[in-house]
1. Per the Kirkwood definition applied to all pairs of different Cα atoms, how many angstroms is the hydrodynamic radius of region 377-584?
2. For region 191-339, what is Rg from Cα atoms divided by 2.2 N^0.38 Å, rounded to two decimals?
3. Longer than 23 Å from Cα to Cα, which of Lys237/Lys320; Lys269/Lys336; Lys290/Lys336 are they? Say none if no pair is.
4. What ³J(HN,Hα) values, in whole Hz, does the Karplus curve 6.51 cos²θ - 1.76 cosθ + 1.60 give for region 276-292 when θ = phi - 60°, with x put for Gly and Pro?
5. Val183: accessible area at probe 1.4 Å, nearest 10 Å²?
6. Over all distinct Cα pairs, what is the inverse of the mean 1/r for region 476-560, reported as the Kirkwood hydrodynamic radius in Å?
7. Taking every pair of distinct Cα atoms and averaging 1/r, then inverting, what Kirkwood hydrodynamic radius in Å comes out for region 340-489?
8. Return the Cα extents of region 328-398 along principal axes one, two and three, sorted largest first, each rounded to a whole Å.
Amino acid sequence: MTYSSSSVRYLAVVATVMLSTSALAQNNTAAPATPAAPSFRLVDPPVDPGQPTAAQPQQQPPSQPTPPASAPAAPTSVAPLQAPATATSPQPVQTPAPSSPVTPAVTNPTAPSTAPAAAPTPTGGLLEEPAAPVETPEATAPALPTGPTEVDLAALYYYAEQKQEDRVAAEAARLRLKYPDFVMPSDLYLPREARAFNDTILWKMYETNDFAGIDAEIARRRAIAPQWNPSADFSMKYIQKKQRVLMTEATRVQNWPAVIDAAKDIDPKTETQADLLWMMIDAYANMGDKTGLSAVYRGILFRDGDKRLPDAILVTTLQKATRDFPPADVRAAIAKIATTPAMTFALQSVTTDMARGDISNFNASTDTTPQTPLPDDDIQRLKAAATAQGKPADLALLGWYYYKLNQPAVSAEWFRKALAVNDSVDNAKGLYLSLAGQNLNDEAYQVAASHLKALSDDPIFLLNALSPQFSKPQIEAIDPAIIAAYSKSIMDAKSADHAEILGWYAYNSKQFQASQAWFDKAFAWKQSADRLKGLALSFMRQNNKSGLADLRDQYGSLYPDMWTEIKAGPPPSRRRPAAQPAITTVPLPG
């Protein structure tokens, strides 16, 4: 007689279960003799390892029992995905990592049984045609299973399906004796169709942050088996990763309410992932929520005992606090936290940041009265940091501090250092003002002349920096690039005063067409007798009688004394003719 492979496999399952207990090796002498059921019945339920007593006769299975046709009654609603519970019964099975999901091992049904050698061998031709044993190298011992196989678990699942809790407990005890690390399967009480689910698909979507796909797959599976849940390992990691990704993306686009919403389950007093807490700090700070902001800061900073976060995290958090809280509050926090010499040393960077804040506020003050210097300890602390690290921002901060104290010689030294490492427009302005404050006008002019392009974005500053060169009583040669920059800044600022200055420069250098154009602009922007006089003289030097007549007809009554001065006025002359002035740019219309 031959049997199918499925028949042989099931018989091996039944045999393993029967041979695992001594109670099945003999009949109860107090019970009536009963013919033994054939051991090859394909769907016989596994025999209970506990031996029935005379008062409780052994139940005879039906001749052809079948598996339960329907699953246990399902709840009417779908449970939401939750973090793993802490209950101990039934215990969850640990799920393998997503990269290498592990399926339960299936033993060869025709291989020798792991039951005790003294157990009786089934008769009736069951093993007449055994499969050939798998040959293994003599030097390699066969690997022993580290946990229960499907064969080992068959009885446990059957008793759970039949809701025979006492037998479930007995079978679990047997498995724990055989496998000390055994834990109850998480799907033990799920319907049979739900046990076919594994987390492989979920892990693949987890790796690509496909949260919508994961939620849809969970909903689909629960529609089939409402009691099903992902493994505890997957559930915990999914919740954590989804929260992190949502918070990070919301922070990137500065959607601060979305950051707070994604972090709603985070407790600042117990959370150990500092970057998530710092995202919350940034969100509350940008939303102006001082209550939420303070709660997060306190939750990070003031933990006791083994709950205290590492010093590096506390230092970074206090650095952020210098942005969000007054110096007095931060200093109070430092006094409470700096309980060790190492922490006191680590917090020096925070105290330096606070000195930076105090000096920056001092520099930004619009108070024009003489300023009282800040505490010398703070200034020396920033000086030490600026000298050691050479940060341009610190160097410039000290430059503006001493300029505000009306110490231009000291401020010039700090601005020179700043300009050497960062040739920025602000550092150039600081050095120019510090030199001008010492009446070092030629040096100041050279600083402005070497930063024309950068200073052109601030035309008023550039005009004031360049105009002394055009206002000198003696005409000197000026770089054409400087004249072009000065002309452009005049047009950008529509400055009548500087248009007049450039008009006189052009007139005195006998560039009468250019002087006419600049006096015309200056008079159009803001009328004055001197600008009209310059325009009239420009007409005279070009022998433009009609232009001069029109000008007198239009403005003669407004400036009656000017015309006598024009007739008596000498022509322009240069007292130092060695240098040829550059051609003055004629202003464009506008």
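The values are calculated or read from the model by the stated rules, or taken from the named source; none is laboratory data. No experiment lies behind these values; they were computed from the predicted model shown. So basically every Cβ, Gly included, is an ideal-geometry build from the backbone, and we count neighbours across all protein chains shown. These accessible areas exclude ligands, DNA and RNA; they are computed on the full protein's heavy atoms, side chains included. Shrake-Rupley method; radii C 1.70, N 1.55, O 1.52, S 1.80 Å.
1. For region 377-584, inverting the mean 1/r across all distinct Cα pairs yields 19.3 Å.
2. 1.33
3. Correct reply: Lys237/Lys320.
4. 5, 5, 5, 4, 5, 4, 4, 5, 4, 5, 6, 8, x, 8, 5, 5, x
5. Roll a 1.4 Å probe over it and Val183 shows about 50 Å².
6. Numbers: mean 1/r = 0.0764 Å⁻¹.
Answer for region 476-560: a Kirkwood hydrodynamic radius of 13.1 Å.
7. About 17.0 Å for region 340-489.
8. Here the spans come out as 43, 28, 16 Å, largest first.
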